[in-house]
Amino acid sequence: MALNLIKKALHEAENPIEVSLRESFQILEPKLRPPFPLTIPTQEEYSNLNNAILYGILCEPQLANVHLKHLHGIVTDGYRYFTSMLIKIVNDFYGKLFDSVKRQLISVAHETVYVSAVGFDELMVALLRQIVGGDFSEGNLWLCFEMVTLFLSKWDSLLEEEPLVLTFALYVFLRLLADHCRVSNVERIEALKRVEIDFCVKMIRENFHLCLKIGRDLLRLLQDLVHIPEFCAIWKDLLLNPSSFRNEGFADITQIYRTRTSSRYLLLRITPEMESQLRFLLTHVKLGSQKRYQVWFTKKFLATPERETLLTDMVRFICCAHHPSNEIIQSNVIQRWAVIGWLLKFGKKTHVEANMKLALFYDWLFFDDKADNIMNLEPAILLMVHSIPRYMEMTHSLLEFLFILLDNYDLDRKAMVLRGISSAFHILVRKGVVQSLDVLVSCDMLSPFLKESLRKLLPDLNMNCPAELQKSNILCSNTPSYL
Amino acid sequence: MDPEETLQSLKDIVPAAQNNINTKFIVLDKGRVTLEGQHKTCLALVADETAAVHFQLWGDECDAFEPGDIILLANGIFSYNRNNLVLRAGKRGKVEKVGEFTMTFVETPNMSEIHWVPDSINSKKYVQEAVISPHSRIFPPMH
């Protein structure tokens with residue numbers, strides 16, 4: 001019988017992981033049927049046997065139970081090796097697997113939770129990352145459904161063994177709900193939405209302490225769901241009745257604003273393939289040579305209008321999860337601000353555009369130099385500064401948006417936002433990310449209103465740096481080429 | 001032996017009537033598919049970190065590869081085909097997609113846009129005489 005994990009395309013090289021699993025399976029196949037030998041395998045034999053059993057489970061659904069029994073019988077490492085191979089498969093080629101193999105993979109993922117396999121939490125994360133934002137294809141919705149039902153059905157053991165997995169899942173499903181709620185009257189999606197809402201609400205209402213671990217991006221995501229009655233109620237309680245979450249330490253959402261979100265969460269909404277391509281772009285591609293890469297990236301990940309919502313995740317990933325070394329910053333490799341400028345161009349829908357800008361400025365609003373990272377602020381300021389004078393409308397719309405956020409983002413916590421934005425500007429100048437804000441304040445092409453707002457916001461910041469410094473300021477001489 | 005260890009850089013390939021080229025490159029652009037007799041054929045611009053070259057796709061290869069694909073060529077041939085200097089797998093060579101996107105490249109020099117002449121000492125060997133064009137004249141650079 002011809003067994004394979006992957007739908008191999010014409011002229012596509014074999015995947016080395018698949019080859020090694022298949023080889024183990026072919027050699028050991030006669031030993032995969034009972035009665036199983038009782039001899040103790042060497043380390044190498046153990047790995048090969050694990051490979052063979054894994055391959056059997058994935059390719060022979062009708063014999064999966066036999067293979068699983070075999071696995072439980074031989075395991076001596078807490079399933080560590082077995083689970084690590086599963087993670088490799090998911091990260092390296094989940095998308096290419098046959099549908100029957102994907103079904104087996106999910107069922108064996110349940111099993112790893114059931115036995116508390118060493119590393120099952122990483123397997124959950126790997127699977128969550130394969131769910132693509134803005135993708136309404138059947139396969140993607142199927143994976144959403146399978147994962148959210150897995151978390152609900154294994155709720156108690158997850159809570160006991162690895163509660164952070166539930167926090168990761170919450171981040172993912174809050175974000176996916178924003179996509180799924182933009183579609184209505186599609187039966188399949190309605191059902192999925194219902195389960196996703198149940199999961200998220202259960203998490204927030206019953207395990208609020210786990211939700212708090214996400215930090216400020218929790219609120220960024222919840223904000224997009226306020227039109228759903230259950231989340232509207234959660235918002236009301238967050239603002240007016242914080243004690244209803246029965247969390248002693250929680251008194252006000254200010255606490256959540258103050259917690260920077262770890263890059264682990266932001267990575268959850270970028271597939272490993274997107275991650276590797278974006279990181280490649282930002283590490284190896286020289287400014288001026290990026291055009292072809294941008295075309296390929298767009299074709300692969302942003303081909304349909306629904307995919308637009310991914311742009312926000314990408315902006316957040318670049319700001320918070322990809323921090324280049326000084327060497328790269330000083331080289332002629334394309335910089336983060338330029339890639340974000342290019343991505344902003346794709347945000348055609350008003351809500352996507354606003355969400356992207358919010359993602360770009362989100363850490364500005366609550367910036368605290370003790371807890372926050374200046375690298376999260378850097379792309380926004382450089383994008384505004386480098387867009388002068390050729391892409392003035394970019395500078396203008398970003399700065400305008402920042403002042404709109406200042407005035408409207410949270411009326412009850414305006415002082416906090418004011419402090420955040422103002423300290424963000426201060427640290428960017430103090431650390432020399434920009435030499436001064438003069439380039440903005442004395443820019444003839446910038447609206448007088450915005451310049452005045454800047455001066456009002458930062459009365460103590462010296463805007464007028466000496467003319468010589470201005471000349472030596474490389475920021476003024478560079479023209480961006482993201483457009 | 002790891003085939004990647006013996007890979008040649010595109011800047012070092014020399015026209016010869018031999019299937020002796022093992023290399024890896026990324027597809028930058030693809031032309032229109034045309035029929036040569038009964039077989040489909042299609043010209044592509046491919047490149048690595050050192051040079052670019054025109055690559056001729058043949059038969060089902062024409063549909064199998066897209067811009068952005070990284071290809072491993074084993075036992076390819078760099079020679080004149082209907083007056084065009086192209087790299088191709090030929091009957092004895094093999095092309096395989098091994099990745100996507102994550103490879104850097106240059107578009108100049110283009111080895112197909114060089115005028116080659118037989119070496120004065122060893123007439124079986126070709127040497128570069130002149131650059132016809134720094135870039136591909138068929139697939140202009142994208143800015």
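The values are calculated or read from the model by the stated rules, or taken from the named source; none is laboratory data. Note that the structure is a prediction, hence the values are computed from the model and not measured. Cβ atoms come from the backbone with ideal geometry, glycine included; neighbour counts cover every protein chain shown.
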Problem - Close pairs from the range A:163-192: first without any contact (Cβ under 8 Å) to a residue 40 or more places away in the chain, partner in a helix (DSSP H, G or I), Cβ under 7 Å, at least 6 apart - result: A:PHE173/A:VAL148; A:PHE173/A:GLU196; A:PHE173/A:PHE199; A:PHE173/A:CYS200; A:HIS180/A:ILE189; A:HIS180/A:LEU192; A:HIS180/A:LYS193; A:HIS180/A:GLU196
Handout entry: Condition check for A:VAL113: touching a helix residue (DSSP H, G or I) at 6+ places or on another chain (Cβ under 6 Å), β-branched (Val, Ile, Thr), in the same structural domain as A:PRO41 (by TED's automatic domain parsing) and under 30 Å from A:LEU212 (Cβ atoms)
Key = yes
Fill in the blank from the handout: Exactly one of B:THR41, B:THR23, B:THR6 is among the polar types (S, T, N, Q) and surrounded by fewer than 17 Cβ atoms within 10 Å (Cβ to Cβ), and that one is B:THR6
Handout entry: Filter result for the condition that a residue is away from chain B (no Cβ under 14 Å), closer than 30 Å to B:GLU100 by Cα and of a type in the set (Lys, Arg), over A:ARG33, A:ARG22, A:ARG80
Key = A:ARG22
Practice task
Answer yes if at least one residue in the range B:102-110 is of a type in the set (A, V, I, L, M), away from every other protein chain (no Cβ under 14 Å) and surrounded by 12 or more Cβ atoms within 10 Å (Cβ to Cβ), and no otherwise.
Solution key: no
Fill in the blank from the handout: Among (1) touching a Ser or Thr at 6+ places or on another chain (Cβ under 9 Å); (2) in contact (Cβ under 8 Å) with a residue 40 or more places away in the chain; (3) more than 19 Å from A:LEU152 (Cβ to Cβ), A:PHE120 falls short only on (3)
Problem - Positions within the range A:131-168 being β-branched (Val, Ile, Thr) and in a helix (DSSP H, G or I), in sequence order - result: A:VAL148, A:THR149, A:VAL165, A:THR167
Handout entry: the range B:72-91, subset modelled with pLDDT under 95 and out of contact with any Pro (no Cβ under 8 Å at 6 or more places or on another chain), residue farthest from the other protein chains (Cβ to nearest Cβ)
Key = B:ASN83
Practice task
Could you name every one of the helices (runs of 4 or more DSSP H) located completely within the range A:292-362 that has at least 1 residues being crowded, with 17+ Cβ neighbours inside 10 Å?
Solution key: A:310-321, A:336-344
Exercise for the section: Output the residues belonging to the range A:267-283 that are farther than 25 Å from A:LEU170 by Cα and of a type in the set (Lys, Arg). Expected result: A:ARG279
Exercise for the section: Return yes when B:ASN110 is out of contact with any Cys (no Cβ under 9 Å at 6 or more places or on another chain) and farther than 26 Å from A:LEU287 by Cα and no when it is not. Expected result: no
